[in-house]
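The values are calculated or read from the model by the stated rules, or taken from the named source; none is laboratory data. Just so it is clear, the model here is predicted, and its values are computed rather than measured. FYI the Cβ positions are ideal-geometry reconstructions off the backbone, even for glycines, and counts take in every protein chain you see.
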Amino acid sequence: MPETRRSPVLVGRASQLADLRELVLDQNIRLLTVTGGAGVGKSRLAATAVRNAESRFISVDLAETSEGEQAWGTILDALGRPAEPHATPPGPDAVAARIGVEPMILLADNCDLVARDLAAGLSAVLVRCPGLTVVATSRHALDLYQEVLYLVPPLSIASDGSEASPAAQLLWNCVETRFRDAAIAADRSQLEQIAAELDGVPVGLELAATAVGRLGAERTLDRIRSGQQLPPSPFVDVPSRHRSIRACVEWALSDLDEMGLFVLLHVAASSVLTDLEEVLLLSGERGDPIAGKLAELVDRSLLDHSVAENGHYTYAISGFTRSFCRQLLFEDRVLAKRVRFRRAEGLRLLAREITRLLAEPDGRAEALRLIDRWLPDIVATVRYLIDHDAYRDAIELLSELEDVWIERGLLADAEAIVATLMAAVDSGAHPPTLMAAGRELLGRWALRSGRFEDAKRLLAPVVSARNTDTRRTDPGLVHRAGRALAQVHHETGKPQRARTLLARFPSAAASPAEQPVAALMEAVIGLGDVPLEDDETWSALRDHAAALPRRRDRLTVLNTLGRTLLRARSPHRALEVFHLVLRTPEPVMSLLEMVTALEGCARAYDAAGVEYSEQTHRLSAATHWIRASCSLSRIAGNSADPAVSTIGAVLDIDEAIAYALSIPLLSRADLGSPLLSRLTKRQLETALLVAEGMTNRMIANRLGIAEWTVVNHLRQVMTRLDCPSRLHVALVIERETQQPA
């Protein structure tokens, strides 16, 4: 039969006990307030220190008192109230008269509910009783001038590896003394996790010990993390306020107003330290009220605070108080939903701030700090919104943080989250607009990362004429998708389809903020794939794009222009545009655009001929490695170049950019005949073989393609070279190939 007794040992408190004894015996200290969070062990520690002080002491428990007169009466009863019928009524004067000038220590335990009332008269009592030392325990200070505060911290949850942490040791002792078999079966790592979740608060550990004995360590840990109540304390001598985590914290919170509770729940929802500016940003509130509530929560020992390097107050919440907040939200689903959605809105404000900072060179450091601090909370909030069918809010938050996903190599993960969201939308009775919004977001990301076929597959259903519900309820979304799809058709060599879509979704119908970029993109798409005879048209577009104020818009339009020039068989012009992108300061701020420009450079050198094969191979290998190492979505067919094994790879974005900019730009002389540059590589091969006198069948055998494909290529050659017959093709080829380079 296991022993059924509580462990009386103050585990891990030797240092605090010695400190308190020294303070109690200090003749210069008349009022010592032992403070700290709920359940941290203030009463037990103070009582032990006073009991060993070798001085007369009186202990008074004020936990059940709620007003000043009642508190003074309780103290007077402990001192021995006079029996005279006309004695002084309970109050500071009566207590002072009863104590007199004799040396005494008064332990006023659990003063929380009457601290303000006691403070009003305690100062006078200390003046009239020169031998009196008052030791009070309270979650907040009495706010007297002569008061000395001693903060009792939770038990340490740090372990040196060979021995359990003090918090885990107390948990083990409590389990072992009542449930010996459970202690033997408990996994040490799980006990350490439970101790960490409760932040080493002794009352929480004692309650967890009962749960471990009855449910096991793993289920206890799950209950704490999910916000479910633990089994109440089984000991009859434990006060009701210590029988559960919620009762322990709520005991002194009866006068905490709604805003104070909201701020507490808001901070508890975060897994990181929070400074005042971030609380204001995330809560959407400005001004003094939030700051005042944070100060009140610190005063009530519900939050801890310190001063950060930037001079801001930084706030943290104990695991014990966080467990209380979890239980509160678990039991009140309406409150939980309100807090969560208010927090999601705050995180959207934070996302916009991060996006704004990322777009500014001077703001990048602050943006990265915010990303590193809040990214886990943001991701958790997105998943919460999806789990609770708030798909529109989730899509908007994902969209706001587009640059963050790219910055931290999480674009593929974000796309997977959107795909999960769309699957949930597709399986339920949700408006088509939600599915369209998800498709538009994924399509835009695919377009930005160069996966044009994926973008086409995603965007086409949004633009479809059959999608009447979405067109009616969210015309702006359809307009954006239509213009993006036009760009996809342009990028995939279908200029007529692109122009048709632009006629349906003109730049003039875009929002005022989007119109300048939309009009410029419209002009770029209008170039088509026809070789340009002059430099004026494309250079004017280049200059207009370079003048766009927003960095992402500027680089996106320039890269689109560069790819357009490549398809127009002007790689020398395209290379100039890509170099302009690569010369942008702080290239890591626009990683995806930089990789796109490097890929464009590789294609430009590939079009220039075999003499630039080394440059082509190096840049291709570099972009493949960068996409893989930064978890950027890969373009279909863009695999590692086997030639890199003999040439060597450029494996860093800055190094790759420096290498690309060090290669000389191309000129017309590098490209051969301007007339023949109108032909694709396969068309030029066909034309050269025609000039050699080969038949269609012979050409098909030589190139390993179907004969009808040769016929199609030849028709294109005749159209582009303005030749009415095969003979004219042969004559043009002979003339152009004999020209000096």
ask   = Restricting attention to region 7-44, which residues are of a type outside the set (A, V, I, L, M, F, W, C) and part of a helix (DSSP H, G or I)?
value = Ser15, Gln16, Asp19, Arg21, Glu22, Lys42, Ser43, Arg44
ask   = Looking at region 703-712, is at least one residue farther than 26 Å from Arg567 by Cβ and at pLDDT 85 or above?
value = yes
note = The residue from Arg352, Arg338, Arg373, Arg383 that alone is of a type in the set (D, E, K, R), part of a helix (DSSP H, G or I) and within 28 Å of Leu555 (Cα to Cα) is Arg352
Residues being closer than 27 Å to Leu170 by Cβ, in a loop (DSSP other than H, G, I, E, B) and not aliphatic (A, V, I, L, M) - total across region 111-158 = 6
inquiry  = With under 16 Å from Glu197 (Cβ atoms), modelled with pLDDT of 70 or more and either among the aromatic types (Phe, Trp, Tyr) or not in a helix (DSSP H, G or I) (or both) as the only criterion, which of Phe324, Phe262 stands out?
reply    = Phe324
ask   = Does Leu230 qualify as being assigned to a loop (DSSP other than H, G, I, E, B) and in contact with a Leu (Cβ under 7 Å, 6 or more places away or on another chain)?
value = yes
request  = Just give me the residues in region 175-191 being modelled with pLDDT of 85 or more and crowded, with 19+ Cβ neighbours inside 10 Å, in sequence order.
outcome  = Leu191
ask   = Do we find that Glu3 is modelled with pLDDT under 90 and either in contact with a Phe, Trp or Tyr (Cβ under 7 Å, 6 or more places away or on another chain) or not aromatic (Phe, Trp, Tyr) (or both) in this structure?
value = yes
key: Residue count for region 105-125, restricted to those that are crowded, with 18+ Cβ neighbours inside 10 Å and either among the basic types (Lys, Arg) or within 18 Å of Val50 (Cβ to Cβ) (or both)   = 10
Residues within region 480-502 that are more than 14 Å from Leu458 (Cα to Cα), assigned to a helix (DSSP H, G or I) and touching a helix residue (DSSP H, G or I) at 6+ places or on another chain (Cβ under 6 Å), tallied = 6
key: Options Ile657, Ile635, Ile653; residue that is more than 30 Å from Leu721 (Cβ to Cβ), at pLDDT below 80 and either surrounded by 18 or more Cβ atoms within 10 Å (Cβ to Cβ) or not aliphatic (A, V, I, L, M) (or both)   = Ile635
task = Mind telling me which of the residues Val334, Val339, Val382 ends up being in contact (Cβ under 8 Å) with a residue 12 or more places away in the chain and under 16 Å from Phe262 (Cβ atoms)?
result = Val339
query = Can you name the residue in region 58-68 that is in contact (Cβ under 8 Å) with a residue 40 or more places away in the chain and either outside any loop (DSSP other than H, G, I, E, B) or loosely packed, with under 15 Cβ neighbours inside 10 Å (or both) and is also farthest from the chain's Cα centre (by Cα) among such residues?
reply = Ile58
query = Before we move on, is Ala108 part of a helix (DSSP H, G or I) and either of a type outside the set (Gly, Ala, Ser) or within 17 Å of Gly73 (Cβ to Cβ) (or both)?
reply = no
key: Filter pass, Leu441 being surrounded by 23 or more Cβ atoms within 10 Å (Cβ to Cβ), within 29 Å of Gly493 (Cβ to Cβ), of a type outside the set (Asp, Glu) and not assigned by TED's automatic domain parsing to the domain that holds Leu598   = yes
request  = Would you be able to tell me the number of residues in region 580-613 that are under 22 Å from Ser539 (Cα atoms) and under 33 Å from the mean Cα position of the chain (by Cα)?
outcome  = 13
request  = Would you please name the residue that is modelled with the lowest pLDDT, looking only at residues in region 403-416 that are assigned to a helix (DSSP H, G or I) and buried (at least 17 other Cβ atoms within 10 Å of the Cβ)?
outcome  = Glu407
message = Residues that are aliphatic (A, V, I, L, M), outside any helix (DSSP H, G or I), under 17 Å from Arg448 (Cα atoms) and in contact (Cβ under 8 Å) with a residue 12 or more places away in the chain: does region 590-609 have at least one?
response = no
